[in-house]
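One structure is given here, and the rest of the page talks about it.
The values are calculated or read from the model by the stated rules, or taken from the named source; none is laboratory data. Computed from a prediction, not measured in an experiment: that's the story for all the values here. With ideal geometry, Cβ positions are generated from the backbone for all residues, glycine too; neighbour counts draw on all protein chains shown. Please note that ligands, DNA and RNA were not included when accessible areas were found on the heavy atoms of the full protein model with its side chains. Shrake-Rupley method; radii C 1.70, N 1.55, O 1.52, S 1.80 Å.
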Amino acid sequence: IVSLAIIYLLEKKVAFMPLASGTIIAFFGGLTLYFDNPVFIYIKPTVVNLLFAFVLIFGKFFSKEPLLKKLFKNSFKLLDEGWKKFNDRWILFFFFLGFFFFAESFSFLISINSIAFSRLIVLASISFGTLILVVPFFRK
């Protein structure tokens, strides 16, 4: 919240993603403190990833173009079919991460270090795999 306030004071605006992230973190942190129950912090990654998946699904069916195309059109130059595949892969990715984090959060035998390492491996693997799958759809 402090960083969002500093950004607003310096730039007189706050980008959507930091604002959304800060709101979600404050919400789940507040629930954890209010109910004195850490389960809300454990389920935050699951809820956030499933929310991202549902937003991408919503965009897939109710928008003229995939939402990821709107977000990354300046970063990637893909054909329309490539954007659809890219969007579909990230929907699967967010569903997978949501359920992966849910299972991982309630495995109390796993140390924090192994959780952080496993999340990094999963994220890197899926990101690299998605990149390989959409390479044929890059515009030349």
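Points to keep in mind about this one:
- Candidate lysines - alpha carbon under 19 Å from residue 64, same-chain residues fewer than 8 apart omitted: 73, 77, 84, 85
- Within straight-line cross-link reach of residue 12, lysines at Cα separation under 22 Å, skipping those fewer than 8 residues along the same chain: none
- Accessible surface, per residue, of the chain when the full set of protein chains is kept, probe 1.4 Å, Å²: 71
- Per-residue ellipticity at 222 nm from helix content only, as computed over the chain with -39500 (n - 2.57) for each DSSP H run of at least four residues, stands at -26500 deg cm²/dmol.
- Global geometry of the chain, whether rounded, prolate or oblate, following the gyration tensor of its Cα atoms and the 1.5 cut on a/c: oblate
- When the trypsin sites (Lys or Arg not before Pro) in region 17-77 are filtered for DSSP coil states and for at most 13 other beta-carbon atoms within 10 Å of their beta-carbon, the remaining sites are 64, 73, 77.
- Added length on full extension, which subtracts the Cα-Cα distance from 0.36 nm per residue, residue 127 to residue 19: 36.5 nm
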